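Chemist: Below is one structure. I have some questions about it.
The values are calculated or read from the model by the stated rules, or taken from the named source; none is laboratory data. Remember, it's a predicted structure, so these values are computed and weren't measured experimentally. Using ideal geometry, Cβ is built from the backbone for each residue, glycine included, and neighbour counts are taken over all protein chains shown.
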Amino acid sequence: MCKESERQALLDFKQSLQVVDRAGFEGLSSWDGKDCCAWMGVLCNSLTGYVEMLQLSGYFWLVAGTISPSLLKLQHLSVLDLSQNDFNGTLIPDFIGSLKNLTHLDLSLANFRGPIPSQLGNLSKLEILSLGGDFVNPKLVSVGNLEWLSHLTSLKYLDLSFTNLSKASDWSQVVNQLPFLGSLTMKDCDLPSAFSSFLSLVNSSTSLTDLDLSGNYLTSSAIYPWLFNVSSNLEFLDLSRNHLKGPIPESFGNMVNVVYLSVSHNQIEGGICSSFWSMCSLKYLGIESNHLSAFGFVQNTSLCAAHSLEDLTLAENQLMGSVPNEMANLSSLITLDLGYNHLNGTISKSIGQLSDLRVLQLAGNSFDNVVISEAHFSNLTKLKKLDLSYSSLTLKFNSDWIPPFQLHYIFLCSCKLGPRFPEWLRTQAKVFALDISAAKISDSLSISFWDFLGRVKYLNLSFNQINGTFPNTRVDSSYGFLQSLILSNNKFFGSISSICSFFNTADFNLIDLSNNQFSGVVPDCFAQFPNLIALNLADNNLSGPIPNSLGSLASLQMLNLRGNRFSGKLPSSLQNCTKLKFFDLSNNRLSGTISLWIGQNLSSLVFLSLQNNQFHGKIPNQLCKLKYIQILDLSLNKISGTIPRCLSNFTFMTQKVNSDQTIEHLLTIVLSNPFEKTFILNTSIELNYVDEALLMWKGTKQMYAKILGLLFVIDLSGNKLTGEIPEEITSLRELVALNLSRNLLSGKIPLKIGQLRQLQSLDLSRNNFSGCIPPSLSELTFLGSLDLSYNYLSGKIPTGSQLQLFDPSTFSHNHGLCGPPVTPNCSMETPQGQLERGEDDFDEFMKWFYAGMGLGFVVGFWGFCGAFLLKRSWRHSYFRFLDKVKDWLYVTYALQKARLERRIQT
């Protein structure tokens, strides 16, 4: 039975926390009753009853809140593990330093923040200390002065991963006083290149066996001198993601006990030094993502590393030529990765003698005209993963060939497999992931192939000429369910009405049927795919309304329905898809007004295109709430009203941000292996699904995918917009393309348009703009496409390095523009093209003027004279009136004359 005082201390500790139990475990909800030693996560001494271990790792529960000082009553506590929890960025409590009997302290991955308290230096019995973070919340914990660490003289294991050690200048005094330190992990700690002072002092220790300094700023001159003096006991060494340069020193061969060695993601040059093959314990060698140009094999294959090495990873280097024949001498190889180099020669058939090989990756090379045959796989009975993608290899096997292996992963994108569907694939009964995209296959899929899907979780057949329809029968899914399906850019046809019964699984995260010949109405059954992240039905012949059930896809990030014949209004249920980042409805027959909820609920949108539909009404101000928007395309609709002034709320367009090159979605495909428990390559694979979009760029439509995330575009062209361009649009300083052409816009071009420094394409043509071209327009040094034609602009074209280089048609059909490139200068007459337009206008005016004057004369003459001809009384009255006027004028004249004569006589 535990001590009552310690039982109460644990209850007080629990009171300060918020706990979420996981995976069916009771967790802290089991903390009830008198005997605290029976509580989950609590371990007591069997003789004294004192609590010695408190292990609340977040694997089974999630602990949040604060840590109560009541733990100080557990004075016999030797193990405290609060790792993998969430303490909301609070400080590590300094009172932990008063738990003098602690030998094991693990606060890693627990979302602590701030400096490590120096009171931890009081834990003189501590043997294991782990305070590391992870990639999600890096550098939250910082280290200033580390003098306190020198007091932990019993320390054997230290992990400070992802803490900020950039200011830890006292390492040279500290680590030298840890004589029993066997494992040191300081990856991604911002260690500076001046770290050599620490390393030179630590070489007095002979206990160090595991060293992980990956993800820092270490240089060759800082690490190598120490490393080759103390490396005799090292078994694990990771120097990846540093600043190592130059050739690999031969002194690496002195590390005879090393089992794992990684120098990946550096700037290492030359070849693999020959001394590597004398490292008799070496099982893993990783030199990927460097500048290696040679394999460095030696003729003496009796060196022991040739028989111990199990994993050789040389991907993403500059290796050239053929795959060496000597590779076959590495008889123990399990993994061979030579992907993404410059290999362009032959592949020796001797590689087929690596009988233990389970992973073979040659992807991303240029093996043009190289043929792979059965001989290359003759003895690879254990092969589980084959990746030859983007290598231009030709796979030519006999139609009756039965491979000696059963693959789990097959990646053959861009290899030459066709024109018929490869028969040998039908023998692979344990495949989880299959990618044979762009493989020059032009065949029909048989019913038996669809049964094959019952074992596949990731299937990519895109960019072939495969035809066929969805079968009406359900897939046999006795081994799991298909999670990702990509059939784009083929010749599939017919209805997709059976898709929901055919793939009846909640695990679906990707469906891409784009660029095919599917037709008919899309079934309203998507509620059964709650985990769907991306749905791409673009460029087919689908029709009818957009399914209302799409609104139940709460995880949906990408929805592409471009290039179909969808009609009707947007279903309001789509406002529930709050995680949408990419939303493309262009080139359909949709109608109605632009829904307010697009801006109110879909606040994560990066891409929105409603291009070429029948939307009408105004652009709602709610769209301005899309602060992450990078591409907004509302062109070719019937939208009226003015351009909203609140466009300055597009935050990503107003300030410099670290935008991704692609707009993509990370898909995790969970795998299980019911066939073979002894070797599992991965429990999951990650797939980056890249979005693509059809955009109007510099007057032509172009498809963008890989650089889509770098574009910042607003296209409102081809509508009925009125009013002026709001000046607020000039605050979108990251804007790359602006198209407002073919509207009814008027007024002047904003004077500050030159603030759009990144602008590469500007089209304001076919509007009613007037006034001068703003001088600031000439400051747009990246401007490569400009169209101001068919407006009422006048005055001199601003001089600068850009505007005079454009074709004169850029400024055509305006009233009074002059200067280069339209005319040599503005002292000349009106430019010829504009003069002709002015003369034509004047001639047209005069024609109508004379015609109107003639018509007026005829109407006036006959209206007046005709009345007198027809009415006698009017004629008499008119002539009597004239007589009276004549008499009045005569009498008036006579009187004036008489008065004038009298004045002259007097």
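Chemist: Exactly one condition in (1) closer than 22 Å to L227 by Cα; (2) at pLDDT 85 or above; (3) within 40 Å of the chain's Cα centre (by Cα) is not met by S281; state its number.
Modeler: (3)
Chemist: Next up: Within the stretch 315-332, which residues are within 16 Å of L386 (Cβ to Cβ) and at pLDDT 95 or above?
Modeler: Once the filter is applied, which keeps residues that are within 16 Å of L386 (Cβ to Cβ) and at pLDDT 95 or above, the stretch 315-332 yields only A315.
Matching residues to (1) surrounded by fewer than 22 Cβ atoms within 10 Å (Cβ to Cβ); (2) at pLDDT 95 or above; (3) of a type outside the set (D, E, K, R):
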residue: D476; (1), (2), (3): yes, no, no
residue: Q483; (1), (2), (3): no, no, yes
residue: S495; (1), (2), (3): yes, no, yes
residue: N509; (1), (2), (3): no, no, yes
residue: C525; (1), (2), (3): yes, no, yes
residue: P547; (1), (2), (3): yes, yes, yes
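Chemist: From the set of residues in the stretch 425-460 that are farther than 23 Å from E686 by Cα and surrounded by 19 or more Cβ atoms within 10 Å (Cβ to Cβ), which is modelled with the lowest pLDDT?
Modeler: Residue satisfying both the conditions and the ranking: L445.
Chemist: In addition: Every residue in the stretch 675-722 that is of a type outside the set (A, V, I, L, M, F, W, C), in a strand (DSSP E or B) and either modelled with pLDDT of 80 or more or over 13 Å from the mean Cα position of the chain (by Cα) (or both), please.
Modeler: Across the stretch 675-722, the qualifying residues are S684, E686, Y689, T700, K701, Q702, Y704, D715, K720, T722.
Chemist: Within the group D368, D451, D400, which residue is acidic (D, E), farther than 24 Å from V690 by Cα and touching a helix residue (DSSP H, G or I) at 6+ places or on another chain (Cβ under 9 Å)?
Modeler: Answer to the selection: D400.
Chemist: From the residues in the stretch 527-541 that are surrounded by 17 or more Cβ atoms within 10 Å (Cβ to Cβ) and assigned to a loop (DSSP other than H, G, I, E, B), which one is farthest from the chain's Cα centre (by Cα)?
Modeler: Looking at the filtered set, the residue picked out is N540.
Chemist: Tell me which residues, restricted to the stretch 103-138, are part of a loop (DSSP other than H, G, I, E, B) and closer than 15 Å to L56 by Cβ.
Modeler: Across the stretch 103-138, the qualifying residues are L107, S108, L109, A110, N111, F112.
Chemist: Let me ask something else. Out of the residues in the stretch 134-173 meeting the condition of being among the basic types (K, R) and surrounded by 15 or more Cβ atoms within 10 Å (Cβ to Cβ), tell me which one is modelled with the highest pLDDT.
Modeler: K156
Chemist: Right, another one. Any idea which residue in the stretch 306-331 is surrounded by the fewest Cβ atoms within 10 Å (Cβ to Cβ), counting only those that are assigned to a strand (DSSP E or B) and within 34 Å of the chain's Cα centre (by Cα)?
Modeler: The qualifying residue surrounded by the fewest Cβ atoms within 10 Å (Cβ to Cβ) is M320.
Chemist: As an exercise: evaluate S635 against (1) assigned to a loop (DSSP other than H, G, I, E, B); (2) within 17 Å of the chain's Cα centre (by Cα) and give the number of the one condition it does not meet.
Modeler: Unmet for S635, out of (1) assigned to a loop (DSSP other than H, G, I, E, B); (2) within 17 Å of the chain's Cα centre (by Cα): (2).
Chemist: Same structure again: Could you run through the stretch 112-133 and say how many residues are of a type in the set (V, I, T) and surrounded by 20 or more Cβ atoms within 10 Å (Cβ to Cβ)?
Modeler: Of the residues in that region, 1 qualify.
Chemist: Further, regarding this structure: Quick check on my filter: what residues within the stretch 737-774 are of a type outside the set (G, A, S), touching a strand residue (DSSP E or B) at 6+ places or on another chain (Cβ under 6 Å) and within 22 Å of T651 (Cα to Cα)?
Modeler: Of everything in the stretch 737-774, those that are of a type outside the set (G, A, S), touching a strand residue (DSSP E or B) at 6+ places or on another chain (Cβ under 6 Å) and within 22 Å of T651 (Cα to Cα) turn out to be L738, N739, L762.
Chemist: Still on this structure, I have one more. Conditions first: (1) of a type in the set (S, T, Y); (2) in contact with a strand residue (DSSP E or B) (Cβ under 8 Å, 6 or more places away or on another chain); (3) at pLDDT below 90; (4) over 23 Å from S130 (Cβ atoms). S57 passes all but one, so which condition is the exception?
Modeler: (4)
Chemist: Would you confirm, using the coordinates I've provided, whether L109 is buried (at least 22 other Cβ atoms within 10 Å of the Cβ) and on the phi > 0 side of the Ramachandran plot?
Modeler: Criteria met by L109.
Chemist: Scan the stretch 55-85 for residues that are buried (at least 19 other Cβ atoms within 10 Å of the Cβ), in a strand (DSSP E or B) and touching a residue at least 40 places away in the same chain (Cβ under 8 Å) and report the count.
Modeler: Count: 2.
Chemist: While we're on this one: State whether one or more residues within the stretch 555-564 are under 21 Å from Y409 (Cα atoms), at pLDDT below 95 and assigned to a loop (DSSP other than H, G, I, E, B).
Modeler: Checked the stretch 555-564: no residue is under 21 Å from Y409 (Cα atoms), at pLDDT below 95 and assigned to a loop (DSSP other than H, G, I, E, B).
Chemist: Sticking with this structure for a sec: Just give me the residues in the stretch 419-433 being in a helix (DSSP H, G or I) and among the polar types (S, T, N, Q), in sequence order.
Modeler: T427
Chemist: If I729 satisfies every condition in (1) within 26 Å of C646 (Cα to Cα); (2) modelled with pLDDT under 90; (3) not polar (S, T, N, Q) but one, which is the exception?
Modeler: Against the list (1) within 26 Å of C646 (Cα to Cα); (2) modelled with pLDDT under 90; (3) not polar (S, T, N, Q), I729 comes up short only on (2).
Chemist: Against the definition (at pLDDT 90 or above, closer than 29 Å to C415 by Cα and assigned to a loop (DSSP other than H, G, I, E, B)), how does F463 come out, yes or no?
Modeler: In short, yes.
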